[in-house]
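*Asks:* Below is one structure. I have some questions about it.
Each reported figure results from applying straightforward, stated rules to the coordinates on display, with no laboratory input. Just so we're clear, the structure is a prediction, and the values are computed from it rather than from any experiment. Here Cβ is always computed from backbone atoms with ideal geometry, including for glycine, and neighbour counts include all displayed protein chains.
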Amino acid sequence: MEKPEREFICFAHRGASGHEPENTLLAIEKALSMGAPWIEIDVFCVEGELVVIHDERLEYTTSGRGYVTEKTLAHLRTLDAGKGQRIPLLREVFDLVERRAGINVELKGVGTAAPAVKLVRDYIINRRWQYEQVILSSFDHRELSRVKPLDPAIRTGALILGVPRHYARFAEELEAFSVHAGLAFTNREFVEDAHRRGLKFFVYTVNFPDDLARVRAMRADGVFTNFPELVIPRKS
Ligand code: G3P
Ligand code: MG
């Protein structure tokens, strides 16, 4: 009997950020229209609300200046995040996606885990989202470790930029669902070690076909890409 093809997941990185301004509702809408099964976005916490933006400073993607977490929410919402888009709230992203794709929320700032868990539980309990449709991830493993005590069923992804001495052991210790590794530091042994520990292995950020082929050959389980069309066959 033929082996069933392994599922290979495409995360639209910061939405379809190769096409529309990153981390905006426009980029997320674009990713959905392209058929992306997963969307990755970054969040900081401001006045108890999770706002969707990658950089800790506003200059890189918005019309604002200074640090995101030093501003009021009202001020942040007046800024242009590209093509006249506002910096979205995480709940606006969940409302827009409406279970048409999974969402990987990358926790960027301190104090993001608790509000993210609260929001995810709200959407699971009240709005028919499934635990399988959400991953909370972070480079900040201390922040990430706050998730499981609040709700052990929420899936977590342990981000890393580098090759840890004991490969995926750090992620197993965090009881993570997945390792999210940098492309430059991904190798076959690292992937195999993750699989042996029962973890998925996702690679960021893969924007070229030759890199995609290399990562697939290493048996990774998916990639984060600014160009979902690289992975998803075009709709005819
Ligand atoms: O979550 C994958 C990737 O987004 C991590 O790096 O800097 O793009 O948030 P960064
Ligand atoms: Mg990210």
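*Asks:* What number, rounded to the nearest 500 deg cm²/dmol, is the helix-based mean residue ellipticity at 222 nm of the chain, given -39500 (n - 2.57) per DSSP H run of at least four residues and division by all its residues? List each step's numbers first, then the result.
*Replies:* Details: 9 runs with 66 residues, N = 236.
Estimated from H runs of four or more residues: -7000 deg cm²/dmol.
*Asks:* Given labels modelled 7 Å from the Cα in the Cβ direction, how far is it in nm from Arg142 to Glu229?
*Replies:* 4.4
*Asks:* Right, next: Treat the chain as a sphere of radius equal to its Kirkwood radius over Cα pairs and apply Stokes-Einstein at 10 °C in a medium of 1.306 mPa s; give the translational diffusion coefficient in µm²/s, rounded to a whole number.
*Replies:* Working: Rh = 18.0 Å.
After rounding, the answer is 88 µm²/s.
*Asks:* Cut-off 10 angstrom, C-alpha nodes, Gaussian network model of the chain. Which of Tyr123, Tyr60, Tyr204 fluctuates the most?
*Replies:* Checking each option, the largest mean-square fluctuation is seen for Tyr60.
*Asks:* Cα gyration tensor of segment 42-172, axes a ≥ b ≥ c as square roots of the eigenvalues: rounded (a/c below 1.5), prolate (a/b > b/c) or oblate? Present the calculation step by step, with values, prior to reporting the outcome.
*Replies:* On the way: a/c = 1.96, a/b = 1.29, b/c = 1.52.
Because a/c hits 1.5 or more and a/b fails to exceed b/c, segment 42-172 counts as oblate.
*Asks:* Another question, then. For Arg146, Arg6, what ranking results if the residue with the fewest other Cβ atoms within 10 Å of its Cβ goes first?
*Replies:* On the way: Arg146 19, Arg6 9.
Ordered by Cβ neighbours within 10 Å, fewest first: Arg6, Arg146.
*Asks:* Further, regarding this structure: Describe numerically, in nm with one decimal, the distance between label points set 7 Å from Cα along Cα→Cβ at Leu161 and at Arg100.
*Replies:* Spacing of the two 7 Å Cα→Cβ label points: 3.2 nm.
*Asks:* Just to be sure I understand the curve: with the Debye formula and one point per C-alpha of segment 73-114, what is log10 I(q)/I(0) at q = 0.25 Å⁻¹?
*Replies:* For segment 73-114, the Cα-only Debye profile gives -1.06.
*Asks:* Short version: what are the Cα gyration tensor semi-axes of segment 1-96, square root of 5 times each eigenvalue, largest first, in whole Å? Mind dumping the intermediate values first?
*Replies:* Working: eigenvalues 177, 35, 25 Å².
They are 30, 13, 11 Å, listed from largest to smallest.
*Asks:* Which GluC sites (Glu not before Pro) from segment 18-57 combine a DSSP loop assignment with at most 12 other Cβ atoms within 10 Å?
*Replies:* Numbers: sites: Glu22, Glu29, Glu40, Glu47, Glu49, Glu56; in loops: Glu22, Glu47, Glu56.
When the GluC sites (Glu not before Pro) of segment 18-57 are filtered for loop state and at most 12 Cβ neighbours within 10 Å, Glu47 remain.
*Asks:* Among Gly182, Gly222, Gly66, which one shows the biggest mean-square fluctuation in a GNM of the chain, springs joining Cα atoms closer than 10 Å?
*Replies:* Per the Cα network of the chain with a 10 Å cutoff, Gly66 tops the list.
*Asks:* Related question: In segment 112-192, if every C-alpha pair distance is counted and binned at 10 Å from zero, what percent goes to each bin?
*Replies:* Calculated over all Cα pairs of segment 112-192, the distribution is 18, 48, 25, 9, 0 percent.
*Asks:* Now, a different point. Taking the Cβ of each residue in Ile232, Ile125, Ile53 as the centre, tally the other Cβ atoms inside 10 Å and list the residues starting with the fewest. Numbers along the way, then the final one.
*Replies:* Working: Ile232 16, Ile125 9, Ile53 28.
With the sparsest Cβ surroundings first, the list reads Ile125, Ile232, Ile53.
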